[in-house]
Amino acid sequence: MVEQVIDAGVLRAPLPSRGPSGDSARAVFEQILRHGPRPRSELATLLQLSGATLTRVTRDLLDAGLLREMPPVTRERGRPQEPLDVDEDHAHFLGVKVTAQEVFAVVTTMRGNPHEEIAVPVRSAAPEDVIEAVIALAAPVLAAHPRIAGIGVSLGGRVTGDGVVLSSSMLGWDTPVPLAERLTAALDRPVTVENDLIALLQGVLWFGIGRRYDSFVLLTIGAGIATGIVHDGRVMKGRTHLAGLTQTLPTATRDGRHVRLAEVAGGPALVERARATGAIGPEGDLAALLAAHAAGVPAALELGEEVAHALAVSAGALVGTLDPQALLLGGEAIGMISAPGDRGERFRALLEGQIAPVQRDIDVRLLSEDFDEWTRGAAVTAIQRFAAGV
């Protein structure tokens, strides 16, 4: 069935190019893609390219349809400038976020702007069932969006540079799965597979609120406890690609007990505590707890106080160590740190109690609680591959 869908629509459709070719072309394309329209003179200065090189490179990118010329912009002095911009719809991308229950996806432009969002359930978290679900989702999407030039897939687990999932505790995978190879063969598109936190970081860095910062720390709570670090505009993966991917991040409770953050702000621990305290019923889940917290249920608010305090202790240690410009907070349980009517003031006060006075001007930003940022992050890994000309 998948092959029939592909044969019926996708393979006969004209595919966009595979991205820029050559170091100078890639540098020009990425600069405009990430930071918006630029005149040629500004590009030459920013990228330290000669006029002749820039003329040749931009001509090639224009001929390939990757760039377009915008109307001239008049200046008080000198000749009008003609900015160059990417043709955002020259190519589209599919971002896929895999969980143990569902596969979420988004079709985006080259700048990660969404066109369509889709979700399908998975029969189980077993590799074959996940692969089947991704193919079942992607094949009709490719037929409906023939200009999709790449697919990015993210999931919780250890992933090699060539898209082999070494293991995934979230999905219960304990043997390597060549996920990128399997999906590329089935869907006839370049497929990039990445850890979901790394993909989220890339999306936030390239097209999200992290774009304005050279350094930031991301902390997520909920189904997974993880930290992500961007330093000097680069995502830090670590020697074994495990930087920040930890359930062992230390913290302290309000009564001074030293515990792991997962014991206070992890989804399973939160739900168990919520049931025990009556914040939710015996069959309630994390969604029920978040609803009770938003409704002002006292037991849920008390849990929120504990989560906010524990998160501030862990975040304070990271801020004190890394000294970033911003702290970004996300994950399914992030709604627990803000009481009804609170705009983050309580958490900021708790954080400021954990860090040096000179660091208290740090920007604190909350990401969306749904999967929008995660699926876009997956798409961005495919966009990055396209921009690199791979």
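The values are calculated or read from the model by the stated rules, or taken from the named source; none is laboratory data. Everything numeric here is computed off the predicted structure, so don't read it as measured data. Quick reminder, even Gly has a Cβ in these numbers, built from the backbone with ideal geometry, and neighbours come from all protein chains shown. Only protein heavy atoms, including side chains, enter the accessible area calculation; ligands, DNA and RNA are left aside. Shrake-Rupley method; radii C 1.70, N 1.55, O 1.52, S 1.80 Å.
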Cα centroid separation, the range 212-275 to the range 162-207 (Å): 21 Å
Modelled FRET efficiency - R0 22 Å, Glu42 with Asp214, Cβ distances, 0.05 increments: 0.65
Restricting the range 55-160 to trypsin sites (Lys or Arg not before Pro) in coil, as DSSP defines it, with at most 13 other Cβ within 10 Å: Arg75, Arg77, Arg123
Spin-label pair Val73/Arg348, simplified geometry with 7 Å Cα→Cβ offset, distance in nm: 3.2 nm
Solvent-accessible area per residue, Å², over the chain with all protein chains present [probe radius 1.4 Å]: 45 Å²
Lys, Arg +1 and Asp, Glu -1 on Cβ, resulting dipole of the chain about Cα centre, debye, nearest 20: 1100 debye
Under-5 Å amide H pairs with Val153, H placed in peptide plane, nonlocal only: Val96, Thr192, Val193, Glu194
Global geometry of the range 213-362, whether rounded, prolate or oblate, following the gyration tensor of its Cα atoms and the 1.5 cut on a/c: prolate
Loop-located trypsin sites (Lys or Arg not before Pro) in the range 238-291 whose Cβ has at most 16 other Cβ within 10 Å (DSSP): Arg239, Arg254, Arg257
Selection from Pro127, Ile148, Ala105, by position along the positive dipole direction of the range 105-154 (Cβ): Ile148
Three-way shape call for the range 83-217 based on the alpha-carbon gyration tensor, with the a/c threshold at 1.5: oblate
Cα gyration tensor shape of the range 312-390, rounded if a/c is under 1.5, else prolate or oblate by comparing a/b with b/c: oblate
Table column - 3J(HN,Hα) (Hz), the range 247-263, Karplus curve with 6.51, -1.76, 1.60, x for Gly and Pro: 9, 10, 4, x, 7, 9, 7, 5, 8, x, 6, 8, 9, 8, 4, 4, 6
Cα centroid separation - the range 42-64 against the range 348-390, whole Å: 31 Å
DSSP H segments from the chain that extend 27 Å or more along their own axis, Cα-based, with Kyte-Doolittle mean of 1.0 or above: 298-322
Of the GluC sites (Glu not before Pro) in the range 33-130, those whose Cβ has at most 12 other Cβ within 10 Å and which sit in DSSP loop: Glu76
Solvent accessible area, Å² - Val134, 1.4 Å probe, full protein context: 0 Å²
Accessible area of the chain belonging to carbon and sulfur atoms, whole % at 1.4 Å probe: 51 percent
Ellipticity estimate at 222 nm from DSSP helix runs (n ≥ 4, -39,500 (n - 2.57)) divided over the chain, nearest 500: -12000 deg cm²/dmol
